[in-house]
1. For region 160-229, which whole-number percentage of the solvent-accessible area (1.4 Å probe, protein heavy atoms only) is attributable to carbon and sulfur atoms?
2. Of S167, S25, S147, which has the largest mean-square fluctuation in a 10 Å C-alpha GNM of the chain?
3. If you roll a 1.4 Å probe over the heavy atoms of the protein chains, what accessible area per residue do you get for the chain, in Å²?
4. Using a Gaussian network model of the chain with C-alpha springs under 10 Å, which one of G184, G129, G39 is most mobile by mean-square fluctuation?
5. Order 136-143, 221-228 from most to least packed using the mean count of other Cβ atoms within 10 Å.
6. How high is the FRET efficiency from E131 to I41, r the C-beta distance, R0 35 Å, rounded to 0.05?
7. Considering only Cα-Cα distances, which of the following residue pairs are longer than 32 Å: K57/K173; K108/K173; K73/K213; K21/K173?
8. What is the list of residues in region 53-95 whose amide nitrogen lies under 16 Å from a point 7 angstrom out from the Cα of Q110, following Cα to Cβ?
Amino acid sequence: VLFRSDGFEVYYQPIYDVKRKKIASAEALVRLKDTKTIGFISPEIFIPIAEEKGLIKELGRIVFEKVCDFAKKNDLQKMGIHYIEVNLSGIQGTDKYLVKQLNDCITKYQILPGFINLEITETAATEAGEELKNNMRRLVSIGFSFSLDDFGTGYSNLAKMAEGNFSLIKLDKSLLWPCFDKDGNNAKVILNNCINMILELGMKIVAEGVETKEQVELLSDMGVNYLQG
């Protein structure tokens, strides 16, 4: 049984532009609601099930279409939103029909490819192989951009960054939060050097998990481009 899109809702988590001092983009987050029984179901539950049952591609298609429809109906670019981030699973990223599917969808809704940033986790980028690389190159040539999500959670594969397919790196909160521990100096050194390296490679940075004024000030001083919390 294929997923019915009725149960899925897409929420948009704002991303703050440090330089312009305003909301400039957002990440699309899928949620599943069962109105007849338990209400909202955590993505940590339904996404692994979707992967196990071979339905993750269909879920990805539903989310992408909902994002394009929302962007078209609300004319987000005129509202000052520069781009929307859409998560791409490792399985979806290797689909041979992915490029056509995404291109057909943005054409249908008259969305410029540059308005969509496709977000891939470090794990997926490391494990997916050549099929993902080929799809990324083709999508970049059309005008899509890519962000590397969860940087700092374990793999931190610098070779992936050097390949040049990513225009945006998302720093995981695990790099930020330890900076505010009692002995946080070493964490600050690590964070600052990661930021400097990424910026020198010509990529922009979104810091995730930003929740306090002190975190905003630290990241702004270190040169981070965007904040998400």
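1. Exposed carbon and sulfur together represent 48 percent of the surface.
2. S167
3. Roughly 54 Å² per residue, with all protein chains present.
4. Highest fluctuation among the options: G39.
5. Sorting 136-143, 221-228 by mean packing, highest first, produces 221-228, 136-143.
6. 0.70
7. Too far apart for the 32 Å limit: K108/K173; K73/K213.
8. Under 16 Å, as judged by backbone N against the label point of Q110, lie 68-79 of region 53-95.
The values are calculated or read from the model by the stated rules, or taken from the named source; none is laboratory data. On a predicted model such as this, the values are computed, not experimentally measured, just so you know. Cβ sites come from the backbone with ideal geometry, for glycine too, and all protein chains shown count toward neighbours. Remember, those area values only see protein heavy atoms, side chains included, never the ligands or the DNA or RNA. Shrake-Rupley method; radii C 1.70, N 1.55, O 1.52, S 1.80 Å.
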